[in-house]
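The values are calculated or read from the model by the stated rules, or taken from the named source; none is laboratory data. Because the structure is predicted, anything quoted here is derived from the model rather than measured. Please note: Cβ atoms are built from the backbone with ideal geometry, for glycine as well, and neighbour counts cover all protein chains shown. Ligands, DNA and RNA are stripped out before the accessible areas are found, and what is left, the full protein with its side chains, is counted by its heavy atoms. Shrake-Rupley method; radii C 1.70, N 1.55, O 1.52, S 1.80 Å.
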Amino acid sequence: MTTGSLAVIDMQRAFAEPDSPWAAPRYAEAAAGVRRLLPAFAERVTFTRFVAPAEPSGAWRAYYARWPFALRPPHAPLWRLTDDFADRAPHIMDATTFGKWTPELAARVGPEGRLVLAGVSTDCCVLSTALAAADAGVETLVVSDACAGADDDSHARALDVMAAYGPLIRVVTVDQLIGN
């Protein structure tokens, strides 16, 4: 069994459905990688959900002025995990921020733990989570083929940025992490 905790970032309908303004074109490929990872982590998996705040404040007001479709309550269909993960998510953590390195996730990983990241979007929520966890001194692995970006170029650039933070952050593949 693989060591550490797996955080599956925002595998939600808002990022999966082709008609969503936030659709990640390679969502299905990332989902396939996530499905391969899940058995290796058993109960050490946290699924996260990006949800809109009840009332945006600060710079978030301008953000939601640009993306008003997203101002929906946490129970809205666009914030649900996709069907392939809804029944596989024993622990779900919501956050109104891109970064999911919250006190709750930190407690699940532990001070000397290892955080493995997968999900969407590589160039937003995965990146924000990885940088914050690395700053906290947590060994962070980003599984490149279990992530998807807003587009291929953004995905690749985000992976390059995170790899530059080595050895705090390492970019790996599913096969490198768990084998075939």
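Conditions tested, residue by residue: (1) in contact with an Asp or Glu (Cβ under 9 Å, 6 or more places away or on another chain); (2) at pLDDT 95 or above; (3) under 15 Å from PRO21 (Cα atoms); (4) not hydroxyl-bearing (Ser, Thr, Tyr).
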| position | (1), (2), (3), (4) |
| --- | --- |
| PRO53 | no, yes, no, yes |
| SER57 | no, yes, no, no |
| TYR64 | no, yes, yes, no |
| LEU71 | no, yes, yes, yes |
| ALA76 | no, yes, no, yes |
| TRP79 | yes, yes, yes, yes |
| THR82 | yes, yes, no, no |
| ASP87 | no, no, no, yes |
| PRO90 | yes, no, no, yes |
Filter segment 4-21 for residues that are surrounded by fewer than 24 Cβ atoms within 10 Å (Cβ to Cβ) and touching a Leu at 6+ places or on another chain (Cβ under 9 Å); the one that is farthest from PRO74 (Cα to Cα) is GLY4
Quick check: is even one residue across segment 120-127 among the hydrophobic types (A, V, I, L, M, F, W, C) and either part of a loop (DSSP other than H, G, I, E, B) or surrounded by fewer than 19 Cβ atoms within 10 Å (Cβ to Cβ) (or both)?
-> no
Can you list the helices (runs of 4 or more DSSP H) found entirely within segment 1-112 that contain at least 1 residues being of a type in the set (Gly, Ala, Ser) and closer than 24 Å to VAL143 by Cβ?
-> 13-16, 27-41, 83-86, 103-109
Hits in segment 135-157 - residues which are open to solvent by less than 20 Å² (accessible area, probe 1.4 Å) and under 13 Å from the mean Cα position of the chain (by Cα) = THR140, LEU141, VAL142, VAL143, ALA146, CYS147, ALA148, GLY149
Restricting segment 67-96 to residues that are free of Cβ contacts under 8 Å to residues at least 40 places away in the same chain and farther than 17 Å from ALA31 by Cα, the one most open to solvent (accessible area, probe 1.4 Å) turns out to be HIS75
